[in-house]
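To start, the structure under review is shown below, and the notes come after it.
The values are calculated or read from the model by the stated rules, or taken from the named source; none is laboratory data. Computed from a predicted structure; not experimentally measured. Note that each Cβ is placed from the backbone with ideal geometry, even for glycine, and that neighbours are counted across all protein chains shown. For accessibility, only protein heavy atoms count, side chains too; no ligands or nucleic acids. Shrake-Rupley method; radii C 1.70, N 1.55, O 1.52, S 1.80 Å.
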Amino acid sequence: MPDAQKLPVFRPLHDGTVVLRALEPADADVTVAWRNDPEVRDQILSFRFPVSHVMEADFVNRAIAGNGIQQCVAGVVDMSDDALCGIVYLRDIDWISRNAAFGLMIGRRDRQRRGLGRRALRLMLHHGFDVLNMERIYLYVVEYNFPARRLYETSGFAYEGALRKHVALGGERFDLLAMGMLRAEFDGLAISGK
């Protein structure tokens, strides 16, 4: 029997308020409404045309079939009532350079701005850095998405540049901002208790 002192400590993907769980085929019935809600869709730069149940089921099935090799997609569940309220992911995982792209959507508007996204972000960062051994996690956020920008800034992401006038919406063009976090920065946040 291995010495219990030497076994790795597994921290489940929950914090008592939010749990990250694998997506299930039935989740497409919930998430399709989010993708067709312009207020949600335009903040996350999702597909800009109506999304059918078949298209959403295909997205969910691809997330399930990914087997964690190039992406890690999880449902964000509010533990107060076990409601699926969002999706969080690491995708485009580069196992050689050890980096991945982060994304988050709290699709249920009645659950937005309640701290669930921040909790899901922290859980996925822990998973990415401590479990998957990433060196860098990066993301893109459109300049007009001020709540997301504030979340990422206060969570320790640094601005790395901008794709100027990259996003078109409502007859205007907006910058797409690149942000990133390094393992050492994440470790520093953990030490400081942030």
Within the stretch 161-194, of all residues that are at pLDDT 90 or above and among the basic types (K, R), the one nearest to the chain's Cα centre (by Cα) is R183
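Among the residues in the stretch 179-187, are any open to solvent by 70 Å² or more (accessible area, probe 1.4 Å), in a strand (DSSP E or B) and touching a strand residue (DSSP E or B) at 6+ places or on another chain (Cβ under 6 Å)? Quick ask: steps written out before the conclusion?
So in the stretch 179-187, the residues open to solvent by 70 Å² or more (accessible area, probe 1.4 Å) come out as 182, 184-185.
Imposing the further condition that a residue be in a strand (DSSP E or B) reduces the set to 182.
Subset that is touching a strand residue (DSSP E or B) at 6+ places or on another chain (Cβ under 6 Å): 182.
Yes, the stretch 179-187 contains at least one residue that is open to solvent by 70 Å² or more (accessible area, probe 1.4 Å), in a strand (DSSP E or B) and touching a strand residue (DSSP E or B) at 6+ places or on another chain (Cβ under 6 Å).
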Members of the stretch 100-126 found to be within 16 Å of E39 (Cβ to Cβ), part of a helix (DSSP H, G or I) and not charged (D, E, K, R), listed by number
G117
Can Y89 be described as closer than 22 Å to V40 by Cβ and modelled with pLDDT of 95 or more?
no
Is at least one residue of the stretch 85-104 within 14 Å of T17 (Cα to Cα), of a type outside the set (V, I, T) and open to solvent by less than 20 Å² (accessible area, probe 1.4 Å)?
yes
Given the conditions (1) closer than 23 Å to E39 by Cα; (2) open to solvent by 40 Å² or more (accessible area, probe 1.4 Å); (3) touching a residue at least 40 places away in the same chain (Cβ under 8 Å), report the number of the one that A148 does not fulfil.
(2)
Could you tell me whether the stretch 121-136 includes any residue that is open to solvent by 50 Å² or more (accessible area, probe 1.4 Å), under 19 Å from G86 (Cα atoms), under 11 Å from the mean Cα position of the chain (by Cα) and touching a residue at least 12 places away in the same chain (Cβ under 8 Å)?
yes
Do you know which of the residues in the stretch 32-62 that are touching a residue at least 40 places away in the same chain (Cβ under 8 Å) and aliphatic (A, V, I, L, M) is surrounded by the fewest Cβ atoms within 10 Å (Cβ to Cβ)?
A33
